[in-house]
Every structure is written in structure tokens, then in C-alpha cells.
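Novice: Structure below; questions to follow.
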Amino acid sequence: MPDSKIPERISRIGEIAGSLWWSWHPAGRNLFRMLDYSLWSQSMHNPIRQLYDISREKLEVAAHDATFLALYDAAIAEIDNQRKDGDSWYATSKTISLPGPVAYFSMEFAIHGSLPIYAGGLGVLAGDLCKEASDLGIPMAAVGFMYPQGYFKQRISAEGWQEEEYQQLDFTKAPASPILSKTGGKCLVELKLKGRTLHIGAWLVNLGRVNLYLIDTGLEENEPGDRQLSSRLYTADREQRLEQEIVLGIGGVRILRELGINPSIWHANEGHTSFMMLELIREKVAAGSSFEKALETVRNTSIFTTHTPVPAGHDTFYNKTIEAYFNDYRPSLGISSEQFLDLGHFNKQDEYFNMTTLALKTAGHRNAVSRLHAVVTRRMWCNLWLECPVDEVPITYVTNGVHVPTWISQEIRSLFDKYLDKDWLEKQDDIETWRGIDDIPDHELWQIHQELKGKLFHVILERAQMRWAKSDASAQQILSMGSLLDHGVLTIAFVRRFAEYKRPSLIFHDLERLKKIINNTGGHVQIIFAGKSHPADTASKLLLQRVHTMARDRAFQGRIAFLEDYDMHLARYLVQGVDVWLNVPRRLQEASGTSGMKASLNGVIQFSVPDGWWHEGYNEKNGWVIGDDTIKINPEEEDKMDAASLYSILEEKIIPLYYTRDRRNVPREWVAMMKRTISSITPEFSARRMVKEYCEKLYLPASQGTSVIRQLR
């Protein structure tokens, strides 16, 4: 940060920029917007980059501008007040008290677009949980990876094929600071990988009251190949993936110890982090405990959250590969090779070591991420518990939620400030808070929705123009990017990671019927698609290509668009600006999902099969459900039935409701459903409710050293 050019009067502006606290607090965002809006936009809302690029003259002007100084002083006061911590929910709670911080491990964290170290929903969930922990004052230290090449940038070729581009992160303009050892070096800890020594460093990202520690192997002490170990997220190389998970789990624990952080609770987010529990066991064995006693102690204080309802989605590695990497480590646990491998085996004859099995056997507190997902998860893993009825398998659930300050539009937030109780944000998880939603005049809510829709369409057109200006896209590609979309048309979004089970092409099941729906002169429809396929998932890439082909089809008259390079920045515009949020996964294959929750918060209405969170969120008045709970044995039959239901609901319910207007051109019944969407979904599916539930159902029991083990196989 170039502090030398920052005037004394606003000397702490770099401190605000360096803490991602600003990203979910209007006082911080408005400060940098006012400083230089042009640079703010060019930097993709990255204030550190903005401060690098801004001139000293502009900073001097700001330091003498009364309006700017008022914003600056307000932001400083707010961030200082938060650090006092005395009036937080946790500090004032009479029921929740932890003897030490929570350690939260995750393979990815999505905090803000300026730190592109995430791929999708798992990272967004982890980021939202940490932000809410900060807001509530819960003591937490999060651990992940600093991926200098992050996840890929997506480009779509003229043929509709996804192309991946990896860009090196400029660390000087990222909201992260290197952590130095006691001797001033970057290496904090070491560990062995197949006989070689790996040197590990870390970066610090401040999230208000929560610190996020990001592991880095790109140190000079390491061999060139090992420097690249932490370079990319979700590498397709299986052995490199295993090495990453070893570094995250084992190295992450050692880094916290080196920094003097001694958590009382250890929370593993998904199976990638499971080696964390092994390292905790090793520590206790090294201190003189038996393996069995160490395992029991670790179980009592460890929590494991699983997000994957499909067996193929859980990380597995060949037994021989695991043995090769843990031959030197295993003796420190005091167990045989057979006992070690059994920790990751679902069945005795398994050829693969399963990371989720390891977590389920070593963590005494386990949860799924929705009520329906818990049912599926208990069935999946019931064989691990001897003579235990399926419905008594000790796996509970905490349904996911979204961080309201991050995903709510400023316009909607201001509307709530005007018509709801002044402390509505503090009481967002209280259903009573939202009874005042009906006091909002219909025309005001509708007008704000139109403004947000206009912002989205401006961004879509701007992105298409930028691609055209680069002279590397055909007219058909620009068409497919949404350049002909119409602000006045009912707009549906299918926006999520592209995967076969999510069925992105289901809406094209009957092309002729869809064309009639989209081009109906009584009320047009347009559909926006966005999302990435995993680089190694050819089947999903083919699905993406099919969607892109449909977007170029003249028969749809430019009313289908595919927006390339979906990320958090674009996601904010989409969840705030479309009319309907579409979700059509195969039943029992969506653990929870959170994108629809973000959209609902902004009055965007959900249109989904009854899976994941929508299975418990739908109340017959706050959106539409596609099909029913019936599980079809035949996927083709499921597609046929769901497509027919989707088309019928569009034709008979959604389109008529949207285009029925009063004299002020306000769709009264549609706005009524928007209000029901907001009031019924926001309190139940907020990160505030979720994190409080983690505290009550999992953190507090873990802090008391009790767990539900039953008899494991």
C-alpha cells in the first residue's frame, strides 16, 4: 500500500481498504465510491488497487472535502466500535460461551472478487459463514489456501466451447498481508511429503473480527514443483489434489499453533479438510496419549460439515497412494497400516481411501446442510454405524444461509431502513421483523426492482461491448452475450455451476414449445444463463455448449443469453436484477444451494424442483415448485415430467401474473409474491440464523467435550 502519498487527515484509509470488512458495510463501500468512482469501477471494486492507481492530488482534494471526510470519519468510527466487541451477540449471549476460538477449515473462501480464491457455492458458503461470525462476534480463525492463480477466467469460443485462462494474482493489490516468522522469513512451518521437506507460509486476510489465514507454498525454499502446489484451486491432478489436502489439514493446524492460536473447537468444511483431525490426533499421541484416547478427545471437539449428496462427489485416493504419502507420518499415530487405512474405508475391502469417511470417523459432531440432505446423508453413510436405524444415524443438519449485508442491494436495504424497524438488520433472523414488509408501497418496491434490473442490463451490455471492442468475438457471440435483451421482458435466470445433475438444458427439452413461450406476443420471456464447468468435466462442457448454441439461434430472437465468466461481482447484479430464479437439479442431488436465497432476499422469486433448501423453504405462496417429491427411477422420465411441469407453470401462472398490470403499470399480485418471498425466506435462510444454529447445535456441545459417537464400524 503506497502510504507515502496518503494525506495525514485520511491516513487510515489504507487500513480500511486492507480489511475486507468494508465489502459488506455501506460506510466502507460508499467511502471508496466517492473517492474516485471511475477508478472504483475500473478496479472491479478493489480499494487497494484503487489507492495504488489514484493520484496524490485526488487524495489531497478528498482530505479537504467535508462530505468525504464525514464518510471517512463515520467508517473509522464504525470499524473502531466493532473492535470493542462488547455489544456483539456473542459477548452479550447468556447461553453461548466458548473456552477458545473456533478453527474453521475450508478448501475455498469467497469473500470478494478482489480475492479470487473460490470456485462456487462451497466457497461462498464459507465466506458468508466467516462474515456472519465476525458480525456476531464469535471468536474464529479460518484456514484456507492462497491460490495465486485462483480459479480460471472463462471465455466462450465462437463454437460455444469453454476456454480456461489462469491469471496470476498481483499480491501487492490484493487484500492480504504476508505473515512473517519470528526470524523475519516467510516459512512458518514444515512438513514431509513423500520424503521431501515442504516449507509453508501464510497470508492474513482480515474480515473484521475474524482472521482468515491462507496457506502458501510458493516459497523460495521449495522446489519449483512444490511452489506450484498451492497455485490453483481444484486441480485435476489427483496426486496434487492429495498433496493440497495434506497441506491444508496438517499444515493448517501447524500454522495456527505456530501463530499461538489454540482453538477449542475444530470445524472441517467438507472432506477436503479431513487430515486436520489426523494432525490433532498426532499431537495428542506425541503428548503421551494412546491413539484410542486421542481419537476420542479429538472427536469430542471436532465438527464435520458435508455438502455432497452424491457418492462420486467425495474425494477418494488409491490406498497405495495414501500409504506412500503417510508411511513416515503413520507411526507417529501409533497404529498399523491396516488401522490407518481403515479410517478412510467405508468397507473392509475398499481399494480407495475416502476423505468423507475419514471425517465421519474422526469428528464426533456431523451435519448436513439442509433437512432433506440430512435424510440423504444418513442413508448414504448408515453402514458406518453398527446396528443403528437409519433415522438414528448421528448426523444432524444446519441448513445453509446467506450473509444478508453482502447480497442485499443498497436500494433494497434503504427501502427496508425506511419501512421496517430501524434495527431490522440486527433482528434479520426474527420472523416478526418482516411483518412490516406489507407496509412498503407496491409501486416503490416495483420501482426499485426496475432500477436494479436496469443496472443488470447495463452491465450485460457493457460486457458485450467490451468483448466486441477487443475484436475477438463475432456478431453471433455478442448476440449470445445478451446484447438484445429487453428490460421490459420477464427475465428468468439459470445461474450456477454447470454440471450434469443440475440439468442446465432441461428447459430446452421441447424446443418448439419453448419457442412459443419465449416469443408469445402476449408476454415475452427471456432467459439468462451463466456458470462455469470444471475444466476436466467434458460432459458438462458439452451441456454448456448446447446452451450457448441455443443463445445463437435466431428463432429465439435474442432472448436467450449466456454470460461468460460468472463470478461474485456478476452474481450480485444477477441475484438483484432478474425476475425469476430457476433451479432444476435431479432430486436428492442438491445438498442445499444458496443462490436462490440471495435472489429471494432481493425480491426475486424462486422457481425450482423441491430439492435442497427449497424443499423446506417453499410454502405454496412464495414461489413455484416444479413437479413433486416423487423420485423417478428413470432419468429420462424425470426430465420429461419436470419439463412439462416447467412449461405449464410458465404458461399458466408465471407469465400471466407478471404481465397483469394496474393503471400505474405495477403487477400488484407479482409484487405481493415478491413481498412474501422476502418475508418468508430471509429470516429462515440468513447466515445469521445459520451461524447461531451452529453455535447452539454444534459449537456449544463440542466446547463441552461431548459428542454423539454411537458404535462405528
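Novice: Could you count how many residues in segment 593-643 are open to solvent by 40 Å² or more (accessible area, probe 1.4 Å) and either touching a residue at least 60 places away in the same chain (Cβ under 8 Å) or in contact with a Ser or Thr (Cβ under 9 Å, 6 or more places away or on another chain) (or both)?
Specialist: Step one: of segment 593-643, the residues open to solvent by 40 Å² or more (accessible area, probe 1.4 Å) are 615-616, 618-621, 628-637, 640-641.
Now narrow it down to the ones that are either touching a residue at least 60 places away in the same chain (Cβ under 8 Å) or in contact with a Ser or Thr (Cβ under 9 Å, 6 or more places away or on another chain) (or both): 615-616, 618-619, 621, 628, 640-641.
Total meeting the criteria: 8.
Novice: Can you pull out every residue in segment 364-381 that is over 23 Å from the mean Cα position of the chain (by Cα) and open to solvent by less than 30 Å² (accessible area, probe 1.4 Å)?
Specialist: Those that are over 23 Å from the mean Cα position of the chain (by Cα) and open to solvent by less than 30 Å² (accessible area, probe 1.4 Å): GLY364, TRP381.
Novice: Only one residue in GLU426, GLU444, GLU432, GLU411 is touching a Phe, Trp or Tyr at 6+ places or on another chain (Cβ under 9 Å), more than 30 Å from LYS293 (Cα to Cα) and assigned to a helix (DSSP H, G or I), so which one is that?
Specialist: On the way: GLU426 fails: assigned to a helix (DSSP H, G or I); GLU432 fails: touching a Phe, Trp or Tyr at 6+ places or on another chain (Cβ under 9 Å); GLU411 fails: touching a Phe, Trp or Tyr at 6+ places or on another chain (Cβ under 9 Å).
Criteria check complete, one pass: GLU444.
Novice: Let me ask you something else. Taking the residues in segment 222-254 that are touching a strand residue (DSSP E or B) at 6+ places or on another chain (Cβ under 8 Å) and more than 20 Å from MET355 (Cβ to Cβ) as candidates, determine which candidate is most open to solvent (accessible area, probe 1.4 Å).
Specialist: Of everything passing the filter in segment 222-254, GLU223 is most open to solvent (accessible area, probe 1.4 Å).
Novice: Of all residues in segment 514-543, which are buried (at least 20 other Cβ atoms within 10 Å of the Cβ), assigned to a loop (DSSP other than H, G, I, E, B) and either among the aliphatic types (A, V, I, L, M) or touching a Pro at 6+ places or on another chain (Cβ under 9 Å) (or both)?
Specialist: GLY531
Novice: For segment 44-93, how many residues are under 12 Å from PHE32 (Cβ atoms), touching a residue at least 60 places away in the same chain (Cβ under 8 Å), out of contact with any Pro (no Cβ under 9 Å at 6 or more places or on another chain) and part of a helix (DSSP H, G or I)?
Specialist: Within segment 44-93, residues that are under 12 Å from PHE32 (Cβ atoms), touching a residue at least 60 places away in the same chain (Cβ under 8 Å), out of contact with any Pro (no Cβ under 9 Å at 6 or more places or on another chain) and part of a helix (DSSP H, G or I) number 2.
Novice: In addition: Among the numbered criteria (1) touching a helix residue (DSSP H, G or I) at 6+ places or on another chain (Cβ under 8 Å); (2) buried (at least 17 other Cβ atoms within 10 Å of the Cβ); (3) hydrophobic (A, V, I, L, M, F, W, C), which one does LEU20 miss?
Specialist: Against the list (1) touching a helix residue (DSSP H, G or I) at 6+ places or on another chain (Cβ under 8 Å); (2) buried (at least 17 other Cβ atoms within 10 Å of the Cβ); (3) hydrophobic (A, V, I, L, M, F, W, C), LEU20 comes up short only on (1).
Okay, residues lined up against (1) modelled with pLDDT under 95; (2) over 28 Å from LEU212 (Cβ atoms); (3) among the basic types (Lys, Arg):
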site	(1), (2), (3)
SER274	no, no, no
ARG282	no, no, yes
PHE291	no, yes, no
LEU295	no, yes, no
PHE304	no, no, no
ASN319	no, yes, no
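Novice: Follow-up. Taking the criterion of being loosely packed, with under 13 Cβ neighbours inside 10 Å and under 30 Å from ASP553 (Cβ atoms), would at least one residue in segment 164-181 satisfy it?
Specialist: yes
Novice: Any residue at all in segment 86-99 that is of a type in the set (S, T, N, Q), more than 27 Å from HIS272 (Cα to Cα) and touching a Gly at 6+ places or on another chain (Cβ under 7 Å)? Full working, then the answer.
Specialist: Narrowing segment 86-99 to residues of a type in the set (S, T, N, Q): 88, 92-93, 95, 97.
From what's left, more than 27 Å from HIS272 (Cα to Cα): 88, 92-93, 95, 97.
Now drop any that are not touching a Gly at 6+ places or on another chain (Cβ under 7 Å), which leaves 88.
Yes, segment 86-99 has at least one match.
Novice: Restricting attention to segment 118-159, which residues are touching a Pro at 6+ places or on another chain (Cβ under 8 Å), among the aliphatic types (A, V, I, L, M) and open to solvent by less than 10 Å² (accessible area, probe 1.4 Å)?
Specialist: Of everything in segment 118-159, just one residue is touching a Pro at 6+ places or on another chain (Cβ under 8 Å), among the aliphatic types (A, V, I, L, M) and open to solvent by less than 10 Å² (accessible area, probe 1.4 Å), namely ALA141.
Novice: Moving on. Quick check, is ARG668 of a type in the set (Lys, Arg), farther than 26 Å from ILE440 by Cα and touching a residue at least 12 places away in the same chain (Cβ under 8 Å)? Don't jump to the end; show me each part of the working.
Specialist: On the way: of a type in the set (Lys, Arg): yes; farther than 26 Å from ILE440 by Cα: no; touching a residue at least 12 places away in the same chain (Cβ under 8 Å): yes.
So ARG668 fails the test.
Novice: Of the numbered conditions (1) surrounded by fewer than 21 Cβ atoms within 10 Å (Cβ to Cβ); (2) without any contact (Cβ under 8 Å) to a residue 60 or more places away in the chain; (3) touching a strand residue (DSSP E or B) at 6+ places or on another chain (Cβ under 8 Å), ALA571 fails exactly one; give the number of that condition.
Specialist: It fails just one condition, (2).
Novice: Please enumerate the residues belonging to segment 651-670 that are out of contact with any Gly (no Cβ under 8 Å at 6 or more places or on another chain), in a helix (DSSP H, G or I) and crowded, with 19+ Cβ neighbours inside 10 Å. Full working, then the answer.
Specialist: Of the residues in segment 651-670, the ones out of contact with any Gly (no Cβ under 8 Å at 6 or more places or on another chain) are 651-654, 657, 660-670.
This time we only want the ones that are in a helix (DSSP H, G or I), so: 651-654, 657, 668-670.
Those that are out of contact with any Gly (no Cβ under 8 Å at 6 or more places or on another chain), in a helix (DSSP H, G or I) and crowded, with 19+ Cβ neighbours inside 10 Å: ILE654, TRP670.
Novice: Among (1) surrounded by 24 or more Cβ atoms within 10 Å (Cβ to Cβ); (2) in contact with a Gly (Cβ under 8 Å, 6 or more places away or on another chain), where does HIS267 come up short?
Specialist: (2)
One line per residue, one yes/no per condition, for (1) open to solvent by 10 Å² or more (accessible area, probe 1.4 Å); (2) closer than 26 Å to ALA591 by Cβ:
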{"site": "LEU188", "(1), (2)": "yes, no"}
{"site": "LEU198", "(1), (2)": "no, no"}
{"site": "VAL210", "(1), (2)": "no, yes"}
{"site": "GLU258", "(1), (2)": "yes, no"}
{"site": "THR273", "(1), (2)": "no, yes"}
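Novice: Now for a different question. So ASN206 clears everything in (1) open to solvent by 30 Å² or more (accessible area, probe 1.4 Å); (2) in a loop (DSSP other than H, G, I, E, B) except one condition, right? Which one?
Specialist: Among (1) open to solvent by 30 Å² or more (accessible area, probe 1.4 Å); (2) in a loop (DSSP other than H, G, I, E, B), the lone unmet condition for ASN206 is (2).
Novice: Can I ask one more? Any residue that is outside any helix (DSSP H, G or I), crowded, with 17+ Cβ neighbours inside 10 Å, touching a residue at least 60 places away in the same chain (Cβ under 8 Å) and on the phi < 0 side of the Ramachandran plot - is there at least one of those in segment 467-474? It would help to see each step written out before you state the result.
Specialist: Filtering segment 467-474 down to residues outside any helix (DSSP H, G or I) leaves 470-474.
From what's left, crowded, with 17+ Cβ neighbours inside 10 Å: 473.
When the remaining residues are screened for being touching a residue at least 60 places away in the same chain (Cβ under 8 Å), the result is 473.
Cutting the leftovers down to on the phi < 0 side of the Ramachandran plot gives us 473.
Yes: one or more hits.
Novice: Only one of these is open to solvent by 10 Å² or more (accessible area, probe 1.4 Å) and at positive phi: GLU351, GLU387, GLU392, GLU338. Name it. Full working, then the answer.
Specialist: Working: GLU351 fails: at positive phi; GLU392 fails: at positive phi; GLU338 fails: at positive phi.
Step by step, each of GLU351, GLU387, GLU392, GLU338 is checked, and only GLU387 is open to solvent by 10 Å² or more (accessible area, probe 1.4 Å) and at positive phi.
Novice: Here is a follow-up. Is it true that GLU451 is more than 30 Å from ARG664 (Cβ to Cβ) and of a type in the set (Asp, Glu)? Working first, answer last.
Specialist: On the way: more than 30 Å from ARG664 (Cβ to Cβ): no; of a type in the set (Asp, Glu): yes.
It is false that GLU451 is more than 30 Å from ARG664 (Cβ to Cβ) and of a type in the set (Asp, Glu).
The values are calculated or read from the model by the stated rules, or taken from the named source; none is laboratory data. Remember, it's a predicted structure, so these values are computed and weren't measured experimentally. Reconstructed Cβ throughout: ideal geometry from the backbone, glycine too, with neighbour counts over all protein chains shown. These accessible areas exclude ligands, DNA and RNA; they are computed on the full protein's heavy atoms, side chains included. Shrake-Rupley method; radii C 1.70, N 1.55, O 1.52, S 1.80 Å.
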